[in-house]
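Below you'll find the structure, written out as structure tokens, and then a few comments.
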Amino acid sequence: MLNDVTVEYSKRELLLARVPQPGFWRLNETGGVLGRDENADIVLKESEISRHHCRFLALHHGWLIEDLAATNGTRLNGVPVMRAYLTTGDVVEVSGVKLRVNIVEAPGAALSRALAGWWPHQSEPRPMRRAA
């Protein structure tokens, strides 16, 4: 029961920070596409980046990066990848642009209410007992 609630109501975000240059992007559960095209969710104007370079997907068990047959490829921690799962601290590299990954998963309001029902907090403190 808890797994159904957790998957359905958790808030999942992927944060990407460009290093060392400034730049920061936040993707929610719908994921997004990185590329040079104006319609991409993350637009990078470097000429070596494909119009639709790679895609970030939020799956039930984590975030996935998928190369979209980009001319210059996609690297994860220096290794060329077609598809790979992301973890916090990973570095995604697309045509020389490096993005540091941070994954944020927090319970949504429905999950917080459900957890509060299972483990209610006590409003009044209990009296302290002295050790014998």
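The values are calculated or read from the model by the stated rules, or taken from the named source; none is laboratory data. Just so it is clear, the structure is predicted and the values come from calculations on it, not from any experiment. Here the Cβ positions follow ideal geometry from the backbone for every residue, glycine too, while neighbour counts run over all protein chains shown. Just so you know, the surface numbers come from the protein's heavy atoms only, side chains and all, with ligands and any DNA or RNA stripped out. Shrake-Rupley method; radii C 1.70, N 1.55, O 1.52, S 1.80 Å.
Total residues in region 52-78 satisfying the condition of being modelled with pLDDT under 95 and touching an Asp or Glu at 6+ places or on another chain (Cβ under 6 Å): the figure is 2. Checking each residue in region 47-91 for being in contact (Cβ under 8 Å) with a residue 24 or more places away in the chain, open to solvent by 50 Å² or more (accessible area, probe 1.4 Å) and within 19 Å of Gly23 (Cβ to Cβ) picks out Glu48, Arg55, Asn72.
One residue stands out among those in region 1-46 that are polar (S, T, N, Q) and surrounded by 15 or more Cβ atoms within 10 Å (Cβ to Cβ): the one that is modelled with the lowest pLDDT, which is Thr6.
Looking only at region 79-108, residues that are at positive phi and either under 16 Å from the mean Cα position of the chain (by Cα) or at pLDDT 95 or above (or both) come to 1 in all.
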